[in-house]
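The values are calculated or read from the model by the stated rules, or taken from the named source; none is laboratory data. Please read all numbers here as calculations on a predicted model, not as lab measurements. Quick reminder, even Gly has a Cβ in these numbers, built from the backbone with ideal geometry, and neighbours come from all protein chains shown.
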Amino acid sequence: MILGRFLAASTEFDQRLTSVRPDQWTAPTPCTEWNVRHLVNHMVRGNLNYVDLLAGGTREQFLHLRDTDALGDDPLAAYTASVQLVAEAFSRPGALDQVLDYPLGKVTGRQALAVRATDSVIHAWDLARAVGADDRLDPDLVAWISDNLETIYAGLAESPIAADTTHRFFAEPGTAVSESATRQDRLLRLMGRDPRRFSER
């Protein structure tokens, strides 16, 4: 089940990645510290780091490699390969129950994959906004994340939904939205995004 969620979330990101034009790699994104290439590298490097954690990697190694270039000359191929590596690693017997040394606290492989799936969905929206692609996310994924936020981030030292979090890893939640707002917009606000403020430039 969780592996299927991860793959569906990765497809959301992949669909936007295929639409990136050559002149858009340096375009800004809703993640103010990253341009498009930085954002895509975050996703690829993150996937590789999750595989490393499953192989016994440490939180220190994860953080050390976090911004290391993983795209090379073919970002799309790098992303596709990284998703496949995660799928293969986490589908092995016992992988979902293995305890990993995640930077924000010890988590099972199952919880780590849930965090990764959530990250992939939210960054799919970031990428869509950066390159002018369709930013409507899979409603089933939006519903799953919205209904399970507390479980997904349970026990982590930082969480996008915790009032006392440091916001080193997650953007600060935005202002409240009206009751008429879509579920996607409510989730994006929780994740520190404002759909009204950012579009392709």
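Table: residues versus (1) touching a strand residue (DSSP E or B) at 6+ places or on another chain (Cβ under 8 Å); (2) of a type in the set (Lys, Arg); (3) farther than 16 Å from Leu127 by Cα.
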| position | (1), (2), (3) |
| --- | --- |
| Ala9 | no, no, no |
| Thr32 | no, no, no |
| Asn41 | no, no, no |
| Glu60 | no, no, yes |
| Asp73 | no, no, yes |
| Ala81 | no, no, yes |
| Phe90 | no, no, yes |
| Val99 | yes, no, yes |
Subset of segment 142-163 that is of a type outside the set (Ser, Thr, Tyr) and in contact with a Phe, Trp or Tyr (Cβ under 8 Å, 6 or more places away or on another chain) - its residue that is modelled with the lowest pLDDT: Ala162
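Table: residues versus (1) in contact with a Gly (Cβ under 8 Å, 6 or more places away or on another chain); (2) over 25 Å from Leu141 (Cα atoms); (3) in contact (Cβ under 8 Å) with a residue 60 or more places away in the chain.
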| site | (1), (2), (3) |
| --- | --- |
| Thr68 | no, yes, no |
| Ala77 | no, no, no |
| Ala95 | yes, no, no |
| Arg110 | no, no, yes |
| Arg116 | yes, no, yes |
Residue list for segment 25-41, restricted to those being outside any loop (DSSP other than H, G, I, E, B) and either surrounded by 20 or more Cβ atoms within 10 Å (Cβ to Cβ) or aliphatic (A, V, I, L, M) (or both): Val36, Leu39, Val40, Asn41
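The rows are residues; the columns are (1) touching a helix residue (DSSP H, G or I) at 6+ places or on another chain (Cβ under 8 Å); (2) β-branched (Val, Ile, Thr).
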position	(1), (2)
Tyr102	yes, no
Thr118	yes, yes
Trp125	yes, no
Ala130	yes, no
Asp135	yes, no
Val142	yes, yes
Asp147	no, no
Ile152	yes, yes
Matching option when the condition is acidic (Asp, Glu), in contact with a Ser or Thr (Cβ under 9 Å, 6 or more places away or on another chain) and surrounded by 15 or more Cβ atoms within 10 Å (Cβ to Cβ), among Asp138, Asp97, Asp119, Asp134: Asp138
Members of segment 27-63 that are in contact (Cβ under 8 Å) with a residue 24 or more places away in the chain, over 17 Å from the mean Cα position of the chain (by Cα) and under 20 Å from Asp101 (Cβ atoms): Leu54, Ala55, Gly57, Thr58, Arg59
Residues of segment 12-23 satisfying the condition of being assigned to a helix (DSSP H, G or I) and in contact (Cβ under 8 Å) with a residue 40 or more places away in the chain: Glu12, Phe13, Asp14, Gln15, Arg16, Leu17
